[in-house]
Each structure stands twice: as structure tokens, then as C-alpha cells.
Amino acid sequence: MVGTPLQGHTDSVQSVCYSPDGSRLASGSYDRTIRVWNPLTGKTMLGPLQEGSSMVTSVSFSPCGHFIASGSGSDDWTIRVYNAQTGQTVLGPLEGHANLVISVIFSPDGERLFSCSYDGTIRLWNMQDLDLCSGSQPFPNDMRVVRYSPDGRRVVSGSSTGIVHVWDVQTGEMVLGPLGGHTGSINAVDFSPNNAYIASASDNSALRIWDAQDGKDLHGPIQGHNHSANCVRFSPDSSLIVSGSSKGAVQIWAVASGQLVMEFLQVQSGAVYSATFSPNGLSVVAGFKGIIRVWDIQTGQPVLDIPQGNDWEVINSVEFSTDSLFILSGSSESNIRIWDKITGQTQFDECHADGSVTSVAFSPEGRSIASGSLGLTVRVWDVRSGHLILGPLGGHTRSINSIQFSPDGSHVVSASDDGAIRFWDVSSRKTDPQYNRVNDGPSSNIHDTSDPWSLSYDGCWVSYDGWVVDRQERRLVWVPADLHVCLLPHPNDSIICHRGSLKLDFDGVNVGESWTDCYHP
């Protein structure tokens with residue numbers, strides 16, 4: 001120790017900062033105060049300055065030494081700027097962060113102040129007019145769920161941190177959000193058919209309805225479920241939402257008021273994993289463990305029960321066909337089935353083959369279905385023949401939680417725990433040997449598409465170990481593991497990801513003895 005201990009704070013000191021000339025030292029503490037010290041004598045030169053009712057988490061001197069900025073936690077998550085000579089508050093409290101502020105720092109010219117927070121954002125404040133000049137685009141670490149807007153221009157996503165984001169499909173830019181308020185993982189999101197609202201359901205049992213244009217939370221948390229809200233979906237006329245909980249409750253709510261309209265009888269088998277309205281608005285279907293149930297929305301009475309092959313088979317996802325005559329389901333036993341909505345008879349029965357099916361979707365015209373799984377792949381099937389027509393499409397590095405066809409049917413969107421939203425071009429709807437091969441290469445451990453990391457790039461392949469090889473098994477380039485999540489394998493033509501996107505282009509590449517083609521005397 002080369003100096004005297006600086007004593008005065010009554011709780012943990014979280015941040016210290018020297019003035020530019022080194023003559024003063026500012027400190028911020030959990031005792032809700034800021035002090036300015038003489039570092040040589042240990043005497044308090046200014047303060048204690050009271051930081052409202054909140055703990056001080058960060059302090060910083062301006063480059064000129066005339067001001068001190070502070071960030072707070074616990075109660076108000078605000079930022080303040082003080083006159084470093086008098087202790088008077090000159091700016092603030094500046095509001096905007098939705099969680100504890102962990103750091104504040106001035107720009108070198110002192111004209112702006114940066115703040116970062118546990119809410120996942122970095123904010124930039126103008127010291128001249130106090131306006132929030134910009135906010136960084138906070139990127140979630142995972143994409144629990146995703147849904148298209150009715151016009152296909154946007155997608156809404158929900159993350160395990162309880163945040164909802166809206167993204168532009170063409171640019172990949174965030175256009176709304178982050179929308180905070182949930183205190184648990186987001187389990188489901190949906191756009192209303194009239195494009196006016198967004199609904200979200202979370203682990204904290206709450207539902208929320210947001211204005212899809214400005215992000216306003218219309219009713220605050222809608223509480224009705226006693227346990228985790230697992231699913232939510234709008235009615236065709238956008239006036240209602242249906243939700244299901246981990247305790248088996250299926251409830252219908254009015255969008256305009258946020259009030260409970262109807263609650264269906266519970267199924268003894270427990271949790272509701274998926275629920276949706278029929279496109280004609282007359283029915284609701286829900287998936288449980290071991291059973292699918294359909295209700296008449298007018299009477300609230302069950303009209304069809306579809307038992308599964310065993311009591312432990314969990315129905316993770318259910319969807320109606322566009323004509324409301326059939327029900328598509330995906331289960332924990334890798335089964336993908338289509339059921340007649342009147343008789344309950346099976347019309348389609350296939351296996352996804354690489355793990356529990358987490359999400360299924362009908363194409364808009366009803367001729368194809370898509371499935372996503374814990375096995376990291378997306379598959380597209382022909383409804384009439386039952387044949388696999390695209391896939392397995394690999395690219396995600398962690399489990400796929402949600403998939404959906406775009407409104408025009410040209411793409412399938414998938415969301416994953418790896419933090420990426422992928423858009424797959426499925427417009428051809430036909431088998432392409434470039435990316436639908438199974439063990440037809442010289443080495444099955446490289447070309448086996450059951451391995452989600454055997455990805456096709458115009459005749460070249462990315463193996464599980466990151467090496468890109470051609471059909472002669474010649475190594476071309478190595479892709480680091482941390483970049484796998486942002487690779488764009490065919491037919492994945494775009495991605496929303498915190499690392500951006502990486503597309504391998506081998507046009508004109510010369511390999512092996514072909515390198516001589518590069519020489520032109």
C-alpha cells in the first residue's frame with residue numbers, strides 16, 4: 001500500500017476513476033453515493049453525492065475533468081452527470097435502459113456519453129441536447145421462437161432473456177425493439193393477421209400484446225396462467241388470442257381488453273405444448289402429452305380427441321391446414337403426422353429421423369410441410385406422396401425451436417438456440433442433388449447428410465471438423481468453429497445473426513494441379 005485508505009463509504013465500492021490530471025479520484029458505491037477524494041491525503045474533496053435511491057455501479061470523469069458521469073442499478077437504471085467542482089446535477093436522471101447500468105464513459109472530445117447495460121444495449125447520449133442519439137442493436141444469444149408478419153416483410157423473435165425483437169427480412173436490421181417486460185424465457189410469439197399486433201408468451205406465466213408499429217405494451221402483463229405460458233396465437237380476425245400453459249390450461253383472451261374470454265376443460269395429461277386457431281375461426285387445437293384435442297370455439301366443448309401411439313409422446317407442435325380440414329403435428333418421438341380433423345384418421349405419417357420434432361408448418365398452398373428438430377435440421381415434405389423433397393438442411397449449431405413458411409411460400413424461416421434466424425429458399429420444391437445427397441460420395445463420413453455439419457456449397461462440403469472439401473476430398477479451406485453459426489449453406493440465402501453472415505464462394509477456384517490455370521504469361 002502506497003497511500004492512506006480512503007474511508008467513508010458504508011457499502012461495497014463498485015467503481016473508481018481518476019480525473020484526467022490525476023489530482024482527484026471519484027468512487028461510486030452500493031451505499032448510493034459518489035465521493036471525490038484527494039488520492040494523496042485520502043480526504044474527501046466532494047460529496048457524498050446522493051445517487052437518488054439507487055446503488056452506484058459506475059463513475060467516469062469527462063476528458064476536461066469538469067464533469068462526473070454515473071450509472072445506477074437496483075431501482076431506476078438511470079444515468080446522471082454532475083459538476084465535478086460543485087456536485088450539482090447538470091444532466092439527468094437520463095432514462096432508457098431496462099436493466100442495471102454497468103459502465104459509463106465519455107467520448108474523447110467529451111461531447112457524448114456511452115452507457116452499457118445488462119439489458120443488452122449500448123446507448124449514446126448527446127451532452128448538448130440530451131437526446132438519445134443512437135442505440136446499438138442488442139443481439140440476443142438465442143432465438144427461441146420466430147414468426148412472419150402477414151405481409152412477409154418482417155419477422156418477430158423471442159429470446160430466453162425475455163426480450164422480443166422485430167427484424168426486417170430483407171436487410172436483417174432490427175426495426176422494433178428490444179421490447180422488454182417479460183422476466184422469463186419467451187416461449188412463443190405471433191403477429192396478428194391484420195399486422196397491427198404482436199403477442200408473446202413467457203416462462204413467467206404472463207402474456208403480452210404489443211403494438212406492432214411502435215412497440216407499446218397495450219395491457220401490461222396479462223396474468224391468467226398459474227404456470228409457464230408455452231404458446232400463443234391470434235385468431236384469424238385478430239380479435240382473440242389463444243394460449244396454453246404447462247399446467248394444461250387452454251385460454252382465449254380478447255385482444256382489445258386483455259380480458260379472459262373462455263377457458264377450455266383441461267386434459268389430464270398435463271402441459272399444453274402448442275395451440276392454434278383454425279383458419280376459419282371455428283376451432284382450436286392443442287397438443288398435449290399423448291393426445292391432441294380439438295374444441296368448438298362457439299360452445300367451448302371438445303369435438304375430437306386424437307390419442308397418440310403411447311402416453312409419453314409429447315405433441316410439441318400443431319397446425320391447421322389452410323382449409324381447416326386437416327391437423328399437422330410434430331412430436332417428441334420424431335413423428336410428423338397429418339390428421340383428418342373430422343375423423344381423427346392419419347393421412348400422413350413420416351419420421352424426421354434425427355431427433356424430437358420441435359416445430360411443424362404447412363405451406364400456404366397446403367402441398368408441402370416443413371419440420372424442424374432437436375437434431376439441428378430442417379426438412380420439407382410433399383404432403384400427397386410423403387416424400388422428402390428438401391433436406392435435411394443443416395446449418396444451425398444448436399436445436400431448432402421454431403419454423404414457419406413465408407406468406408408467399410418461397411422460404412422457410414427457422415430460429416435456434418444458436419442465436420441465428422435462417423431463411424431457406426424452398427421455392428423450387430424439388431430434390432436438388434447438390435444438397436439432398438445421402439452417402440453418395442467417396443467418403444460417407446464427409447457426405448453423410450445425417451451429420452448436420454455436412455453442408456453443401458456448390459459441390460463443396462463443410463465437414464463436422466470445419467474443413468471445406470471438394471468431391472475428391474481435397475481440403476480447400478478451414479472454417480473456425482465460432483464462424484459455423486453464420487455460414488450460409490445452400491439453400492440458406494440469408495441469416496439474422498450476431499456475427500453477420502459468411503458465404504463461401506468457390507467460383508473460379510483452382511485446386512490441386514489446376515493452380516497452373518492461374519498463370520497467364
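Every listed requirement among (1) in the same structural domain as residue 312 (by TED's automatic domain parsing); (2) over 28 Å from residue 150 (Cβ atoms); (3) not polar (S, T, N, Q) is met by residue 340 save one, (2). When the residues of the range 107-158 are filtered to those that are buried (at least 19 other Cβ atoms within 10 Å of the Cβ), aliphatic (A, V, I, L, M) and more than 13 Å from residue 190 (Cα to Cα), the one that is modelled with the highest pLDDT is 113.
Right, residue 195: closer than 14 Å to residue 147 by Cα and assigned to a loop (DSSP other than H, G, I, E, B) or not? Spelling it out, residue 195 is indeed closer than 14 Å to residue 147 by Cα and assigned to a loop (DSSP other than H, G, I, E, B).
Residue check: residue 192 meets all listed conditions (1) among the hydroxyl-bearing types (Ser, Thr, Tyr); (2) at pLDDT 95 or above; (3) over 21 Å from residue 283 (Cβ atoms) but one, namely (3).
Might you check whether a residue that is surrounded by fewer than 18 Cβ atoms within 10 Å (Cβ to Cβ) and hydrophobic (A, V, I, L, M, F, W, C) occurs anywhere in the range 6-16? Yes - at least one qualifying residue is present in the range 6-16. Taking the range 20-30 as the range and being crowded, with 19+ Cβ neighbours inside 10 Å and either in contact with a Ser or Thr (Cβ under 9 Å, 6 or more places away or on another chain) or outside the structural domain of residue 70 (by TED's automatic domain parsing) (or both) as the test, the residues that pass are 25, 26, 27, 28, 29.
Scan 208, 153, 144 and give me the residue that is on the phi < 0 side of the Ramachandran plot and free of Cβ contacts under 8 Å to residues at least 24 places away in the same chain.
Just a single option satisfies the conditions, and that option is 153.
Give the range 480-497 a look and list any residue that's without any contact (Cβ under 8 Å) to a residue 24 or more places away in the chain and surrounded by 19 or more Cβ atoms within 10 Å (Cβ to Cβ), or say none. Those that are without any contact (Cβ under 8 Å) to a residue 24 or more places away in the chain and surrounded by 19 or more Cβ atoms within 10 Å (Cβ to Cβ): none in the range 480-497. I need every pair where a residue in the range 161-188 that is touching a residue at least 12 places away in the same chain (Cβ under 8 Å) and within 18 Å of residue 245 (Cβ to Cβ) has its Cβ under 9 Å from the Cβ of a residue that is of a type in the set (S, T, N, Q) and surrounded by fewer than 17 Cβ atoms within 10 Å (Cβ to Cβ), sequence separation at least 6 or different chains. So the pair list comes out as 162/183. Scanning the range 31-61 for residues that are under 17 Å from residue 85 (Cβ atoms) and among the small types (Gly, Ala, Ser), we see that the one that is surrounded by the most Cβ atoms within 10 Å (Cβ to Cβ) is 60. Scanning the range 238-263 for residues that are modelled with pLDDT of 95 or more, within 25 Å of the chain's Cα centre (by Cα) and part of a loop (DSSP other than H, G, I, E, B) turns up 238, 255, 258. Return yes when residue 266 is under 18 Å from residue 146 (Cα atoms), in a loop (DSSP other than H, G, I, E, B) and in the same structural domain as residue 166 (by TED's automatic domain parsing) and no when it is not. It is false that residue 266 is under 18 Å from residue 146 (Cα atoms), in a loop (DSSP other than H, G, I, E, B) and in the same structural domain as residue 166 (by TED's automatic domain parsing).
The values are calculated or read from the model by the stated rules, or taken from the named source; none is laboratory data. These numbers were taken from a predicted model, which means no experiment stands behind them. Note: ideal-geometry Cβ built from the backbone for every residue, glycine included; neighbour counts use all protein chains shown.
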